[in-house]
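The values are calculated or read from the model by the stated rules, or taken from the named source; none is laboratory data. Given the structure is predicted, the values throughout are model-derived calculations rather than measurements. Quick reminder, even Gly has a Cβ in these numbers, built from the backbone with ideal geometry, and neighbours come from all protein chains shown.
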Amino acid sequence: MITKRPANERGHARHGWLDSWHSFSFADYRDPRHVHWGPLRVINEDRVQPGQGFGTHGHRDMEIISYVIQGALGHKDSMGNGASIVPGEVQRMSAGRGVTHSEFNHDREGVTHFLQIWIIPATTGLTPGYEQKTFTDAEKRGRLRLVASPDGADGSVTIHQDARLYAGLFDGGEAAVHPLAAGRLGYAHMVKGTATVNGQALSAGDALLYEDEPEVRIHGGDGAEVLVFDLPRLRD
């Protein structure tokens, strides 16, 4: 079964300095149909105004991935890490038994546009950790490049869950297929542009949820940037 999640049906919050779209229940947005998909708990598409951001706040027992689309996202945390994340980079922060951090738009003139992704870890109470890696456009062009995995395969960032995240760029005749093993869930999120995914036309912010399906198929892109999640089912 493949279920489409249109961009305009997501939760939406506007706070002046922040414009945010929520794919899953978050903050004041509550939708019992969209709480999580397997361990995928949050995809927030955030646009932060110049010089603004999220002040120091805490997290616990969550794998947090930041994926910048435009601008520069400044990060500081209680582990002593400080960095600016730009397009092409993927940051992973394992909150584990507790961490605090802040995130600000380091672009003083333009909006910083990014996705914040939360994945429920397989184990709680872990030692907090941090990782940031660069994945070039060439690595993602016309293919799905592994950017996060449980074992750091192919130079991906390491997450504490049996989940894998792929990123790809597609134009024209470029195409990719990602097989889904029996019992696995899939989730495809259109970051920008348009493409045909499993026969459905998707635009920026749209997503497809996969259950008992053999594969994710992408083709016919026009400036398309796509994230594909390969996920386990959560035990009751």
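Observations
- One residue stands out among those in the range 111-128 that are closer than 14 Å to Gln161 by Cα and part of a strand (DSSP E or B): the one that is farthest from the chain's Cα centre (by Cα), which is Ile119.
- Against the test of being within 22 Å of Ser23 (Cα to Cα) and under 14 Å from the mean Cα position of the chain (by Cα), the options Tyr166, Tyr210 yield a single qualifying residue, Tyr166.
- Scan of the range 174-213 for residues that are charged (D, E, K, R) and closer than 21 Å to Asn8 by Cβ, ordered by number: Lys192, Asp206
- Filtered residues of the range 86-104 (kept if among the hydrophobic types (A, V, I, L, M, F, W, C) and at pLDDT 80 or above): Val86, Val90, Met93, Ala95
- Within the range 184-211, being in contact with an Asp or Glu (Cβ under 7 Å, 6 or more places away or on another chain) and under 26 Å from Leu234 (Cβ atoms) holds for Arg184, Leu185, Gly186, Met190, Val191, Gly205.
- Boolean, Asp46 is in contact with a Leu (Cβ under 9 Å, 6 or more places away or on another chain) and either within 30 Å of Asp212 (Cα to Cα) or surrounded by 17 or more Cβ atoms within 10 Å (Cβ to Cβ) (or both): yes
- Any hit, the range 100-112, residues being among the aliphatic types (A, V, I, L, M), within 25 Å of Phe24 (Cα to Cα) and out of contact with any helix residue (DSSP H, G or I) (no Cβ under 7 Å at 6 or more places or on another chain): yes
- The residues listed here are Arg233, Arg141, Arg184; of these, the one that is on the phi < 0 side of the Ramachandran plot and either among the hydroxyl-bearing types (Ser, Thr, Tyr) or surrounded by 19 or more Cβ atoms within 10 Å (Cβ to Cβ) (or both) is Arg184.
- Strands (runs of 3 or more DSSP E) contained in the range 136-226 and holding at least 1 residues without any contact (Cβ under 8 Å) to a residue 24 or more places away in the chain and among the basic types (Lys, Arg): 145-149
- Unique match (being at pLDDT 95 or above, among the hydrophobic types (A, V, I, L, M, F, W, C) and touching a Pro at 6+ places or on another chain (Cβ under 9 Å)) among Ala175, Ala207: Ala207
- Residue match in the range 96-110 (condition: in a strand (DSSP E or B), among the β-branched types (Val, Ile, Thr) and surrounded by fewer than 16 Cβ atoms within 10 Å (Cβ to Cβ)): yes
- Criterion (of a type outside the set (A, V, I, L, M, F, W, C) and at pLDDT 95 or above) met by exactly one of Asp137, Asp107, Asp61, Asp77: Asp137
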